[in-house]
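Have a look at the structure below, then the notes.
Please treat every number below as a calculation from the coordinates, not as lab data. Being a predicted model, the structure only gives us computed values, none of them experimental. Ideal geometry is used to build each Cβ from the backbone, glycine not excepted, and the neighbour counts take in all protein chains shown.
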Amino acid sequence: MKRLNILAPLCISLALLSACGDIEIADSSSNNYSEQCRSDIDFQAYQKDFGGYKKGKSIPYKHSDGYLFSLTVTSITKEMDPGCQKHMNTLLESPYPIYSITVSALAPTFYFSNLDKQTRDAVNVNVGQYTFVLPNPQNRDSTQVSTMEINGVKYKDVAVSKGRKFKQPYTSISQTETEESDAKLYYQTKKGILKIEMEDGSYFAINEGDK
Amino acid sequence: MKKAFFLALTGFFFWACSNGGDSSERGIPHDMQVILDGEKGFSTDSVIYLADSVKYIDMLTQYADFDLSGHPGLDYTVKAMTSGIDIQMQVLPEYGNGAIIINCSQNYEKKVIFEEPKLPAEKNGFSLKMLDSVKAGDSVFYDVLKFDASEAKENPCNLSEFYYGIHDGLVKVVSKNQIEMNRVSDKAYDDAMDRREKERAIADSIAQAVADSIIKANTPVENDSSDDSSIEIPQEILDLADSVSNCIKNAYSSGSLSAIKNCKI
């Protein structure tokens, strides 16, 4: 028993020692607001309208410099904020050209749906240093194109949003200040990102016509 | 006696946890000092360019801070304007026994931490090593830190490798499908802008030429008239020319000149 008394603090100290070692890579801790909010809130319903994006889905695009590539949905996260509002964040990635595009929505659907009109929410798209905001259609500064043909396919009800870019010079991930840019996003509720035109004259567009 | 023993153990624990925590006494580890020495003569270019060997080129902004609130270290960040290249690297000699922290994903909380780094270093399939020189495009860069994620089982980065020149910042990246983008001059970027402008101008001139030829082919010839303004061009012909011209421009802007065949010329 005496021996145990001596060993106990030794074990505790060893355990503490092992804990003070590595500080590891960690995913963002998922917030638990969903537990406080109603549990029956249906994320699935508006995932359906979320640009049709599902994890693993691959969408073909064509770059103005001639590259054919696919954007793959690599992650979809759903979060509940303290006000029990739903947030859906989608990450689209391609190995080359190296793109990591985030599409996040606070709105129940993406754009131009009847549900959107009831709120003042927006969909945000981030590409490189550009940010595009697609606000509620009734409160928007973006425009709508009734029909647009891209790579041989016609798309109806396309929203066009002028982008902003980080104020230069960009020096830190905590930088939030932006300024006007000539970049443009063409977006449709059903298909999501149709086309993005950058300020440098390059662009990429959905390429369903070559299927 | 027991209390004294426990206190001694606790004391040992705190000593072990903060072992060498005062790095000013211990000195900065050599490999980290080499990176920090890059401050002397570090490129003042806050805007840099990376291009592949075909056509793709991107502008990036980089920023290096070698003074972390009065402590030695490096806080480096580089972010591309159009692509997803987005890297942060911190060299922190006073973090425990020193650490190099790298983040190259959109999730800023997914970091790779190399503790007590002696180069070459390895951590869960990620590796860091110092190279004397690296050829990137037409240039050679000296004293380059190579980060390699190609062997990592779970790679949060959207690239496979990047190369950080201690005097130059980012000099090269390798994509997950092994395509290299190398540092190029601002002239290469300007040339690319000119090329894109010319391509747009070509599309516009084709569109105009086709519109003109439609109008010409459908304009009645008035042999006796010396006044061109008296020739009346039917409105449907003007509309057709306008429509075809716009169709050609749209075909270009949608990224497919082959779509011109659908323009009902």
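Here is the link list: A:Lys54/B:Lys111; A:Lys167/B:Lys111; A:Lys54/B:Lys79; A:Lys57/A:Lys78; B:Lys79/B:Lys111. Which ones come out longer than 23 Å on Cα distance? Walk me through the intermediate numbers first.
Values: A:Lys54/B:Lys111 26 Å; A:Lys167/B:Lys111 25 Å; A:Lys54/B:Lys79 27 Å; A:Lys57/A:Lys78 17 Å; B:Lys79/B:Lys111 16 Å.
Violating the 23 Å Cα-Cα cut-off are A:Lys54/B:Lys111; A:Lys167/B:Lys111; A:Lys54/B:Lys79.
Each of B:Val91, B:Val54, A:Val158 was scored by other Cβ atoms within 10 Å of its Cβ. Arranged with the fewest first, they read B:Val54, A:Val158, B:Val91. Taking 45 Å as R0, compute the FRET efficiency from the Cβ-Cβ separation of B:Ala201 and B:Leu36 and round it to 0.05. Rounded to the nearest 0.05, the efficiency is 0.40.
On average, how many beta carbons from a partner chain sit within 10 Å of the beta carbon of a residue in B:80-93? Walk me through the intermediate numbers first.
Numbers: counts 8, 13, 16, 10, 13, 5, 6, 0, 2, 0, 0, 0, 0, 0.
Mean number of neighbouring Cβ atoms from other chains: 5.
Considering amide H positions built from the backbone, and no H for Pro or chain starts, which residues 5 or more places from B:Ile85, or on another chain, come under 5 Å of its amide H? Counting only residues 5 or more places away or on other chains, the set is B:Ala80. Residues in the stretch B:43-50 carry Karplus couplings, in order, of 3, 8, 5, 8, 10, 10, 9, 10 Hz; the curve used is 6.51 cos²θ - 1.76 cosθ + 1.60 with θ = phi - 60°, and Gly or Pro positions show x.
A DSSP coil position with no more than 16 other Cβ atoms inside 10 Å describes the following GluC sites (Glu not before Pro) in the stretch B:90-145: B:Glu109.
Working from label points 7 Å from Cα in the Cα-to-Cβ sense, the B:Ser43 to A:Glu179 distance is 2.2 nm. Scanning residues 5 or more positions from B:Leu68 or on other chains, those with amide H under 5 Å from its amide H are B:Gly73, with H placed 1.01 Å from N in the peptide plane. Backbone amide hydrogens, once placed in the peptide plane, bring B:Leu145 within less than 5 Å of B:Leu131, B:Tyr164, B:Gly165, B:Ile166, excluding anything fewer than 5 places away on its chain.
Coupling constants for the stretch B:76-88 follow from the phi torsions by the Karplus curve (6.51 cos²θ - 1.76 cosθ + 1.60, θ = phi - 60°), and in residue order they are 10, 9, 9, 9, 7, 6, 10, 8, x, 5, 7, 10, 10 Hz; glycine and proline get x.
Percent of Cα-Cα pairs more than 21 Å apart in the stretch B:20-183, please.
On the way: 5768 of 13366 pairs.
Here the tail beyond 21 Å accounts for 43 percent of pairs.
Each residue of the stretch B:137-148 is assigned a 3J(HN,Hα), and the resulting list reads x, 8, 10, 10, 10, 9, 6, 10, 8, 9, 9, 10 Hz, derived from the Karplus form 6.51 cos²θ - 1.76 cosθ + 1.60 (θ = phi - 60°), x at Gly and Pro.
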